[in-house]
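Asks: The structure under discussion is supplied below as structure tokens; questions concerning it will follow.
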């Protein structure tokens, strides 16, 4: 158990940050899954910018690594452009 007041506060903050980060990551993953499951190109093209924005925000907050964000964005853009 923590012996200092600051350590106790750190534990409390870390738990809150963990929950918040998990929420943002889960929201992003759900949006990516929805986009990948789309078959209509126009609908997917309309949703793509919002999903890319979510990915960028998570990379900015260090929830995911910036290289992972780039890889995800590249793959999603490629997937949407290949839809018939």
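Asks: Limited to segment 40-57, what total is found for residues that are farther than 19 Å from residue 70 by Cα and in a helix (DSSP H, G or I)?
Replies: Taking segment 40-57 first, the residues farther than 19 Å from residue 70 by Cα are 40-43, 46.
Checking the rest, the ones that are also in a helix (DSSP H, G or I) come to 41-43, 46.
Within segment 40-57, residues that are farther than 19 Å from residue 70 by Cα and in a helix (DSSP H, G or I) number 4.
Asks: Okay, next question. Tell me, yes or no, whether segment 48-70 has at least one residue that is surrounded by 14 or more Cβ atoms within 10 Å (Cβ to Cβ), at pLDDT 95 or above, over 27 Å from residue 14 (Cα atoms) and more than 10 Å from the chain's Cα centre (by Cα).
Replies: yes
One line per residue, one yes/no per condition, for (1) over 19 Å from residue 66 (Cβ atoms); (2) surrounded by 13 or more Cβ atoms within 10 Å (Cβ to Cβ); (3) in contact (Cβ under 8 Å) with a residue 24 or more places away in the chain:
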site: 10; (1), (2), (3): yes, no, no
site: 13; (1), (2), (3): yes, no, no
site: 20; (1), (2), (3): yes, no, no
site: 23; (1), (2), (3): yes, no, no
site: 31; (1), (2), (3): no, yes, no
site: 35; (1), (2), (3): yes, yes, yes
site: 38; (1), (2), (3): yes, yes, yes
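The values are calculated or read from the model by the stated rules, or taken from the named source; none is laboratory data. Everything numeric here is computed off the predicted structure, so don't read it as measured data. Ideal geometry is used to build each Cβ from the backbone, glycine not excepted, and the neighbour counts take in all protein chains shown.
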